[in-house]
Amino acid sequence: MDFITQEKISPGMQQYLDVKKDYPDAFLLFRMGDFYELFYEDAVNAAQILELTLTSRNKNADNPIPMAGVPHKSVMEYVEKLVNLGYKVAIADQLENPKDAIGVVKRGVTQVITPGTTVDTLSSSDNNFLVGIDKVADNFTLAYLDLATGEFKRTELVNFAAVCGEIASLRAREVVVGFNLSDEQREVLTKQHNLLISEEFTGEDVCEKLMNYVSRTQLRDLTHIQEAVHYEIADFLQMDYATKTALELTINKRDGKKFGTLYGLLDATKTAMGTRMLKSWIEHPLIDLARIQKRQGIVTALIENFFERADLIEALKGVYDLERLASRVSFGKAVPIDLLQLSNSLSNVPAIRNVMKVMGSELLLDIISNLDEIPELSNLINAAIDENAQRSITEGGIIKKGYNAQLDKYREALTEGNTWRLELEAKEKEKTGISGLKIEYNRQDGFYFHVTNSQLDRVPSYFIYKKALKSATRYTTPDLEAIEITVLEAQEKSSNLEYTLFQKVREQIIKYINRLQVLAATVAEIDCLQSLATVAEKYNYTCPLLNETSHEVKIDKGRHAVIEAVMGDQEYVANDIHLFDGTNIQLITGPNMSGKSTYMRQFALLVILAQIGSYLPAEAAEMPVFDAIFTRIGASDNLIGGESTFMVEMSEANQAIQHATANSLILFDELGRGTATYDGMALAQAIIEYIHDHIHAKTLFATHYHELTSLDKTLKDLTNVHVSTLEQNGEVVFLHKISDGPADKSYGIHVAKIAGLPNDLLTRADVILQKLENQSPNLVNSGNSEQMELFTFDSKESEVEIALEALDIMNMTPIEAMNQLVKLKELL
Ligand code: ADP
Ligand code: MG
């Protein structure tokens, strides 16, 4: 606050400074009249970000105070923009009616909006998680909360890297920290994960701290927030953030959207909470066989009962976002139409339950028992809220006739007043002979007789003058005044009463929030299962057989779920994935673009699909339940984190080597590519050997190092497969078909030939290749690297080489050197 240098500060500004002092890290929007004003640095920064005009208060003073304002009506647009950019905003309102104020109007902060606590601005298919972290001894605790849905969970994590992984998976934008971060940790959170860090030190544990932070910012009712549910990340198939991203599970690499992802493919949900739950299922596949089989069983029942499923889908379509409606009720933000949506949603529950019952599966019993249509709640809403009610809560038209006797009386008075008015109008018209006499109403003048100036001579003496317009004059009479008082009073009292009654209804609903949340979760689960069934049927999937005892993988004619959906099943070449008991490592060779990466990803997606309880794109599938998937796929340059590609490659490899078990799946795609040939090859071989001897995880290893294919002679659990190709009418055709054994080595030269390179060159390449092959060290058996010299064989000296040899560099000027270079290039 280096702007504050002047001595005398007005009482209004003093009030501002007092409030601002408690919110140093937020933009403070300070209500003054019809505007929310920002001052000092807030004004300067906000003016730039929001493109506001920067002015100043007390312009003529020596140190004018920078000021910028936004109209109060559109304040939320600006708040949204700031929050979306990762800032905090505190809103200070007038706490008393300015008319009643003595001195400066009382003002105070009524709400703080932060990236992790916005509830109104996000699309309904996404959660907005606020994450809290704390440190207990050497371990970390993590809690996350979605204010819009009330979801609240907590877990323990052993190291900070795991904390970051979980935060990244939750795609949180703000983290509430309950301990002193080290500089390094702070940097990782802000730079690498782009998080807004907030602090909260009061509270017993991470959950309490998080809740304290939320109450401090929200300053409103939080009844809908559930008890924190404990979870273990080890309860789910473990995948780190890099793996989830590489496999494009919920966001694609192109633009970060859902299209082209597994989530995009599987989403045939009909409700907002179903959509959110499906996403969470995909990010957290199960590892408990019984739970997986239960989902599978229900999906089977849904596939088999085609007509019931169609009815179910219809009923689900009528269910609105119950979680968000419940949270709006508890925030006191629900409007009349929200309550109607609530009751409409509840009215679909019996239909859902009936369909589930008809399907007659034992597995559905829990679900059926949780389908509670909360009749007390729908009765309450149906009795109180008018079917035509809209959003406004101050203009009446909310409460049904017959709900409240007093309200009905006011309304009668209103109708009566109307009748009286018409009677009075007719009576006076006859009495005075003013043919155009009308009784009208407006806000400013109330009720009045309207007389056009041409008939003014007929106005009787008991008409009381009110106002003259250009062509007409307005009058009242004692009779009209009496009607006016009754009607206006009834009107005001009736809308006030409606407002109060509506608030009472809203408060009564709060006690059903828990039941609503259980219902919402149940409907979401049904919706997800229905979605899996619908997709399985559409793409002709099969039910996998999962087992816990055998490690065998036997997938017949498997497909890549997402690519198949894009290119069509006619185009996609199905592949078997067979890793029998004796096979842990499959080494995949084949030319570029032949389908190695696709084959590997296909396997990972099949595992994920199986473990969320889905059917699979395959003819038949048997596989174990995996505990984790580790990947090193593609070039995901982690530039922000300042790590080189090769460093990222090695860190990801290390993740797998440190944490994989015999029940894990490892996918290494062209590992070692980021460094010199022999360097990379040596590492690749050592890594394969290590996995083979110590980890025994199922591993797919795609490589361009041909030399590695001979490892099958020494590593008994390793087998070679390759992607086969075909030459057809002088063109190479990629069959995308995986076959046993290593790929044909001379493939590159073969392709070059078809591409039409000169024969001389090709013959030469063949000679070089043969020499290389003869001299290349046997990596498997030789422990020494002395012979690893690439071009040690003798060769016919080229023109360029001869010319190079002849150069006398020490006696050359730079220009001469450059000229020689040009000549050399010409020789090439
Ligand atoms: P590689 O990793 O061997 O370089 P990719 O797996 O990236 O090859 O595959 C290259 C392209 O080939 C893919 O983009 C896809 O269009 C096609 N492709 C791969 N596998 C198949 C398949 N099984 N069926 C049809 N097309 C495939
Ligand atoms: Mg590839």
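The values are calculated or read from the model by the stated rules, or taken from the named source; none is laboratory data. Because the structure is a prediction, the values reported are computed rather than measured. Cβ atoms come from the backbone with ideal geometry, glycine included; neighbour counts cover every protein chain shown.
Which of the residues that make up region 133-166 are among the polar types (S, T, N, Q), touching a helix residue (DSSP H, G or I) at 6+ places or on another chain (Cβ under 7 Å) and farther than 12 Å from GLU232 by Cβ? So that I can check it myself, show each step before the final result.
Looking only at region 133-166, we keep the residues that are among the polar types (S, T, N, Q), and these are 139, 141, 149, 155, 159.
Within this subset, residues satisfying the condition of being touching a helix residue (DSSP H, G or I) at 6+ places or on another chain (Cβ under 7 Å) are 141, 149, 155.
Across region 133-166, the qualifying residues are THR141, THR149.
In region 296-339, what count of residues is obtained for those that are under 16 Å from ALA536 (Cβ atoms) and surrounded by 21 or more Cβ atoms within 10 Å (Cβ to Cβ)? Outline the logic, then answer.
Kept after step one, since they are under 16 Å from ALA536 (Cβ atoms), are these residues of region 296-339: 296-306, 308-310, 312-313.
Narrowing further to those that are surrounded by 21 or more Cβ atoms within 10 Å (Cβ to Cβ): 296, 298-299, 302, 312.
Residues that pass the stated criteria total 5.
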* To do: Using the structure shown, decide if ALA524 is surrounded by 19 or more Cβ atoms within 10 Å (Cβ to Cβ), touching a Gly at 6+ places or on another chain (Cβ under 7 Å) and touching a residue at least 60 places away in the same chain (Cβ under 8 Å).
  => yes
* Structure fact -> Counting only residues that are among the charged types (D, E, K, R) and at pLDDT below 90, region 476-492 contains a total of 2
* **Those residues of region 664-679 which are away from ligand 2 (no atom under 16 Å from the Cβ), farther than 16 Å from LEU700 by Cα and touching a Phe, Trp or Tyr at 6+ places or on another chain (Cβ under 6 Å), in sequence order** => THR675
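Please verify whether ALA610 is of a type in the set (A, V, I, L, M, F, W, C) and modelled with pLDDT of 85 or more, treating the condition exactly as stated. Step through it out loud before you land on a result.
Values: of a type in the set (A, V, I, L, M, F, W, C): yes; modelled with pLDDT of 85 or more: yes.
So ALA610 passes the test.
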* When you scan region 576-599, how many residues do you find that are part of a strand (DSSP E or B) and either near ligand 1 (Cβ under 6 Å from one of its atoms) or out of contact with any Lys or Arg (no Cβ under 9 Å at 6 or more places or on another chain) (or both)? -> 1
* **Residue selected from region 603-626 under the condition of a type in the set (Gly, Ala, Ser) and within 14 Å of ligand 1 (Cβ to nearest atom), by the criterion surrounded by the fewest Cβ atoms within 10 Å (Cβ to Cβ)** => ALA604
* Structure fact -> Just one listed residue, out of LYS106, LYS153, LYS135, is free of Cβ contacts under 8 Å to residues at least 24 places away in the same chain and more than 13 Å from the chain's Cα centre (by Cα), and it is LYS106
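Just wondering, is there one or more residues in region 299-311 that are under 26 Å from the mean Cα position of the chain (by Cα) and not assigned by TED's automatic domain parsing to the domain that holds LEU365?
Filtering region 299-311 for residues under 26 Å from the mean Cα position of the chain (by Cα) gives 299.
Filter once more, keeping what is not assigned by TED's automatic domain parsing to the domain that holds LEU365: 299.
Within region 299-311 (the criterion being under 26 Å from the mean Cα position of the chain (by Cα) and not assigned by TED's automatic domain parsing to the domain that holds LEU365), the answer is yes, since at least one residue qualifies.
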* Structure fact -> Scanning region 424-478 for residues that are in contact with a His (Cβ under 7 Å, 6 or more places away or on another chain) and among the charged types (D, E, K, R) gives LYS438, GLU440, ARG474
* Asked: Quick one: what pairs do we get from region 574-591, first residue within 18 Å of ASP712 (Cβ to Cβ), second surrounded by fewer than 19 Cβ atoms within 10 Å (Cβ to Cβ) and aromatic (Phe, Trp, Tyr), C-beta under 9 Å, 6+ apart or different chains?
  -> GLY590/PHE734; GLY590/TYR747
* Tell me which of these SER343 doesn't satisfy, since it passes every other one: (1) out of contact with any strand residue (DSSP E or B) (no Cβ under 9 Å at 6 or more places or on another chain); (2) modelled with pLDDT of 95 or more. => (1)
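For region 644-665, name all the residues that are of a type in the set (Val, Ile, Thr) and not in a helix (DSSP H, G or I).
Initial filter on region 644-665 (of a type in the set (Val, Ile, Thr)): 645, 648, 657, 661.
Within region 644-665, THR661 is the sole residue that qualifies.
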* Asked: How many residues, within region 34-75, are in a helix (DSSP H, G or I) and exposed (fewer than 15 other Cβ atoms within 10 Å of the Cβ)?
  -> 5
* To do: List the strands (runs of 3 or more DSSP E) that sit entirely inside region 132-204 and contain at least 3 residues that are among the acidic types (Asp, Glu) and under 21 Å from LEU85 (Cβ atoms).
  => none
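Across region 92-121, what is the number of residues that are in contact with a helix residue (DSSP H, G or I) (Cβ under 8 Å, 6 or more places away or on another chain) and either in a helix (DSSP H, G or I) or over 28 Å from LYS191 (Cα atoms) (or both)?
First pass over region 92-121, keeping only residues in contact with a helix residue (DSSP H, G or I) (Cβ under 8 Å, 6 or more places away or on another chain): 92, 103-105, 107-109, 111-115, 117-121.
Among the residues that remain, those that are also either in a helix (DSSP H, G or I) or over 28 Å from LYS191 (Cα atoms) (or both) are: 92, 103-105, 107-109.
Total satisfying the criteria: 7.
Residues checked against (1) within 16 Å of ligand 2 (Cβ to nearest atom); (2) surrounded by 22 or more Cβ atoms within 10 Å (Cβ to Cβ); (3) outside the structural domain of ALA752 (by TED's automatic domain parsing); (4) under 18 Å from ILE666 (Cβ atoms):
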residue	(1), (2), (3), (4)
THR549	no, no, no, no
LYS554	no, no, no, no
LYS557	no, no, no, no
GLY568	no, no, no, no
GLY582	no, no, no, yes
THR589	yes, yes, no, yes
ARG601	yes, yes, no, yes
* Asked: Of (1) hydrophobic (A, V, I, L, M, F, W, C); (2) more than 21 Å from GLY264 (Cβ to Cβ); (3) away from ligand 1 (no atom under 16 Å from the Cβ), ILE629 satisfies all except one. Which?
  -> (2)
* Qualifying positions in region 681-718 - within 16 Å of ligand 1 (Cβ to nearest atom) and polar (S, T, N, Q) -> THR703, THR709
* To do: Just name the residue that is farthest from ligand 1 (Cβ to nearest atom) out of those in region 660-674 that are touching a strand residue (DSSP E or B) at 6+ places or on another chain (Cβ under 9 Å) and modelled with pLDDT under 90.
  => LEU671
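At least 1 residues that are within 20 Å of GLY417 (Cα to Cα) in each: list the strands (runs of 3 or more DSSP E) lying fully within region 430-483 that qualify.
Those strands (runs of 3 or more DSSP E) span 438-442, 446-452, 472-476.
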* Go through region 142-167 and give me each residue that's modelled with pLDDT of 90 or more and hydroxyl-bearing (Ser, Thr, Tyr). => TYR144, THR155
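Considering only residues that are closer than 29 Å to LEU497 by Cβ and modelled with pLDDT of 90 or more, which ones fall in region 417-445? Let's see the steps before the verdict.
Restricting attention to region 417-445, the residues satisfying the condition of being closer than 29 Å to LEU497 by Cβ are 417-425, 439-445.
Scanning region 417-445 gives THR419, TRP420, ARG421, LEU422, GLU423, LEU424, GLU425, ILE439, GLU440, TYR441.
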* In region 570-580, the residues that are surrounded by fewer than 23 Cβ atoms within 10 Å (Cβ to Cβ) and either within 16 Å of ligand 2 (Cβ to nearest atom) or under 12 Å from HIS736 (Cα atoms) (or both) -> GLU571, TYR572, VAL573, ALA574, ASP576
